[in-house]
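*Asks:* The structure that follows is given in the form of structure tokens.
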Amino acid sequence: MKIIQTGIRESFWKWIAVTAFSTWLSAGVAFAQRSIPSDPGEPPSGRTKLKLVPRPGGAISRQSVDEKAMRALIHQLVACGTRLSISSWTDPKRGVGCGRDQVAARLNEIAKDSGGRLQVVVDKFEASSKRTGGNPAPMENVYAILPGSDPKLAKTVFVVSGHMDSRPSDDMDPKLDAPGADDDASGTAVSVECARLLSKLVESGRANFRSTILFAAVSGEEQGLLGSTHLVEWLKQQGYAVGGMLDDDIVGADRAPGGPHRVRVFSGNGPMDDCDSSSRELARAIEEIDGREAIRMIFRVDRFGRGGDHYPFYKAGIPAVRFTEPLEEYSQQHQTPRAENGVEYGDLEKYLDFRFMGNVARDNAEVLRQLAMAPAAPAQATLEGAVTPNAKVSWSAEEDSERAGFEILWRETTEARWEVFEFVIAGTESVLNGVSTDNHFFAVRAVGKNGARSIAVPTEMDTNRRGTYSR
Ligand SMILES: [Zn+2]
């Protein structure tokens, strides 16, 4: 069968199905670059066969997700009445402080089962915005940290986050109920379940995460992304570089017929011409890891008229995306529970779909598993060779004995997904003979001996050379 426009991962799983125990990917399956016969061949003589390192085995199974525990946590959060960030932080029965207590208690339980590997931190700070009345308001984020095993990579952190706060119709009134089951007890439950799944893997010796993973439940989202804005700063102060940030916000329902549907993953373009943002590369990595049947990439920073906790990360140039359910029901968001003209308003538990939410938890956890196992992404990737027959891709990377090499990726400028052009075992540059700089986009990623890939780093044209040629 002729394979047209088949993604790398799709090809990979096809292969895995037939060659389960081989270490090296036999050649052929990655050659799916779409080309129309009347275009000049690049390279003219075709490409040599590739041997690719297979992705790591031991994927997190859907059955290992504890839907019951997710449901229990969401129920406890909803039972706090409201979790508006300017409600009480001290009342154990009602308010955002009650929400914090539930999240911290659950994470402490998980930490106990992790053999002391998971560290729970309650981070207290103050923040102000129009929606705190312009005054500094007390805020708290809860984190669980799973430290990386590699001395260098442990300073790279992958973050998964949901926001524990909620809001009624009036975002300044703590007296109104704000159950926030979907927005965003669901994302909080996903983050917490990831902490359980991944700390369990380490505790049982089934995974070795080279990088650190941080599981967050932030506050202040509804008051203007205050908790995640603070988290960007906090991570910097702790000396972490953020390898990627997964924001789960409104991931609890899937009400359209025909489900479960794919979860949407939003990623922004970034500010550069002819070069995608690191957030877009994170989105591609997520799709490649979880599969096109699980992930619907949306090439847009967020839904119109809405913002989320990935945004402060994205604006800081950090790879960050947002997971959100397939089709939102607006009568169930940001609404004080009530009935009006026969319409029921409110973000209630009864609308949640744990089959869908469990899928989202698994998909987040698997992405974190593979990215935290991967070598560091190349620091910088450059494209040279304008107005010559050959493109040259170069990059920089620190020594790493656990790295198998680098994959040079390319795609047609009109294609959404990368394909592997070449695998480079040693060195930090590659000349692509007979490949123009102009007809494709290029990127580089690091590949571990364990098969885990870093996110791709798209090449930038060497700016000294760009546009200096006469036409
Ligand atoms: Zn939200």
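*Asks:* If we scan region 365-387, do we find a residue that is within 16 Å of the ligand (Cβ to nearest atom), surrounded by 18 or more Cβ atoms within 10 Å (Cβ to Cβ) and farther than 20 Å from Ile286 by Cα?
*Replies:* The answer is no; no qualifying residue exists.
*Asks:* Do you know which of the residues in region 288-326 that are of a type in the set (D, E, K, R) and crowded, with 22+ Cβ neighbours inside 10 Å is nearest to the ligand (Cβ to nearest atom)?
*Replies:* Per the stated criteria, the residue is Asp309.
*Asks:* Right, another one. Yes or no: region 244-255 includes at least one residue that is closer than 22 Å to Ala376 by Cα, buried (at least 21 other Cβ atoms within 10 Å of the Cβ), touching an Asp or Glu at 6+ places or on another chain (Cβ under 9 Å) and among the acidic types (Asp, Glu).
*Replies:* yes
*Asks:* Please go through region 327-363 and give me each residue that is touching a helix residue (DSSP H, G or I) at 6+ places or on another chain (Cβ under 8 Å), more than 15 Å from Arg71 (Cα to Cα), within 16 Å of the ligand (Cβ to nearest atom) and not acidic (Asp, Glu), ordered by number.
*Replies:* Once the filter is applied, which keeps residues that are touching a helix residue (DSSP H, G or I) at 6+ places or on another chain (Cβ under 8 Å), more than 15 Å from Arg71 (Cα to Cα), within 16 Å of the ligand (Cβ to nearest atom) and not acidic (Asp, Glu), region 327-363 yields Gln332, Gln333, His334, Gly346.
For (1) touching a Gly at 6+ places or on another chain (Cβ under 7 Å); (2) at pLDDT below 95; (3) closer than 20 Å to His230 by Cα, each residue gets a yes or a no:
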| position | (1), (2), (3) |
| --- | --- |
| Lys93 | no, no, no |
| Val121 | no, no, yes |
| Ser128 | yes, no, yes |
| His163 | yes, no, yes |
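*Asks:* With (1) without any contact (Cβ under 8 Å) to a residue 60 or more places away in the chain; (2) within 28 Å of Tyr240 (Cβ to Cβ); (3) more than 20 Å from the chain's Cα centre (by Cα) as the list, and Pro389 as the residue in question, which single condition is left unmet?
*Replies:* (2)
*Asks:* Does His261 qualify as being more than 15 Å from the ligand (Cβ to nearest atom), buried (at least 20 other Cβ atoms within 10 Å of the Cβ) and over 16 Å from the mean Cα position of the chain (by Cα)?
*Replies:* no
*Asks:* Can you name the residue in region 182-213 that is crowded, with 24+ Cβ neighbours inside 10 Å and small (Gly, Ala, Ser) and, of all such residues, is nearest to Ala376 (Cα to Cα)?
*Replies:* Ser211
*Asks:* Here is a follow-up. Condition first: surrounded by 17 or more Cβ atoms within 10 Å (Cβ to Cβ), of a type in the set (Val, Ile, Thr) and under 30 Å from Val420 (Cα atoms). Now tell me which residues in region 48-77 satisfy that.
*Replies:* Within region 48-77, Val53, Ile60 meet the criteria.
*Asks:* If Val251 passes every condition in (1) under 12 Å from the mean Cα position of the chain (by Cα); (2) within 16 Å of the ligand (Cβ to nearest atom) but one, which one does it miss?
*Replies:* With (1) under 12 Å from the mean Cα position of the chain (by Cα); (2) within 16 Å of the ligand (Cβ to nearest atom) applied to Val251, the lone miss is (1).
*Asks:* Filter region 438-464 for residues that are touching a residue at least 24 places away in the same chain (Cβ under 8 Å) and of a type in the set (S, T, N, Q) and give the result.
*Replies:* Asn439, Asn450, Ser454, Thr459
*Asks:* Let me ask something additional. Restricting region 136-160 to residues that are of a type in the set (A, V, I, L, M, F, W, C) and over 19 Å from Val120 (Cα atoms), which is nearest to the ligand (Cβ to nearest atom)?
*Replies:* If we take residues in region 136-160 being of a type in the set (A, V, I, L, M, F, W, C) and over 19 Å from Val120 (Cα atoms), then Ala137 is nearest to the ligand (Cβ to nearest atom).
*Asks:* Another question about this same structure. Looking at Val160, Val142 in this structure, which one is buried (at least 17 other Cβ atoms within 10 Å of the Cβ), in a strand (DSSP E or B) and in contact with a Cys (Cβ under 7 Å, 6 or more places away or on another chain)?
*Replies:* Val160
*Asks:* If Pro54 satisfies every condition in (1) closer than 30 Å to His440 by Cα; (2) modelled with pLDDT of 95 or more; (3) part of a helix (DSSP H, G or I) but one, which is the exception?
*Replies:* (3)
*Asks:* Now for a separate question. Would you check which residues across region 214-240 are among the aliphatic types (A, V, I, L, M), under 15 Å from Ile145 (Cβ atoms) and surrounded by fewer than 24 Cβ atoms within 10 Å (Cβ to Cβ) and list them?
*Replies:* If the condition is that a residue be among the aliphatic types (A, V, I, L, M), under 15 Å from Ile145 (Cβ atoms) and surrounded by fewer than 24 Cβ atoms within 10 Å (Cβ to Cβ), then Leu235 is the only one that fits.
*Asks:* Out of the residues in region 161-181 that are farther than 22 Å from Ala105 by Cβ and within 15 Å of the ligand (Cβ to nearest atom), which is nearest to the chain's Cα centre (by Cα)?
*Replies:* If we take residues in region 161-181 being farther than 22 Å from Ala105 by Cβ and within 15 Å of the ligand (Cβ to nearest atom), then Arg167 is nearest to the chain's Cα centre (by Cα).
*Asks:* Could you count how many residues in region 387-437 are among the acidic types (Asp, Glu), farther than 14 Å from Ala456 by Cα and in a strand (DSSP E or B)?
*Replies:* Residues meeting the conditions: 2.
A quick yes/no check of all residues on (1) away from the ligand (no atom under 12 Å from the Cβ); (2) among the acidic types (Asp, Glu); (3) in contact (Cβ under 8 Å) with a residue 12 or more places away in the chain; (4) not in a strand (DSSP E or B):
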{"residue": "Asp183", "(1), (2), (3), (4)": "no, yes, yes, yes"}
{"residue": "Ser191", "(1), (2), (3), (4)": "yes, no, yes, yes"}
{"residue": "Val202", "(1), (2), (3), (4)": "yes, no, yes, yes"}
{"residue": "Arg206", "(1), (2), (3), (4)": "yes, no, yes, yes"}
{"residue": "Ser228", "(1), (2), (3), (4)": "no, no, yes, yes"}
{"residue": "Leu235", "(1), (2), (3), (4)": "yes, no, yes, yes"}
{"residue": "Asp247", "(1), (2), (3), (4)": "no, yes, yes, no"}
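*Asks:* Would you please name the residue that is surrounded by the most Cβ atoms within 10 Å (Cβ to Cβ), looking only at residues in region 100-139 that are among the β-branched types (Val, Ile, Thr) and within 25 Å of the chain's Cα centre (by Cα)?
*Replies:* My answer is Val103.
The values are calculated or read from the model by the stated rules, or taken from the named source; none is laboratory data. Quantities reported herein were computed from a predicted structural model and do not represent experimental measurements. All Cβ positions, glycine included, derive from the backbone under ideal geometry; neighbour counts span all protein chains shown.
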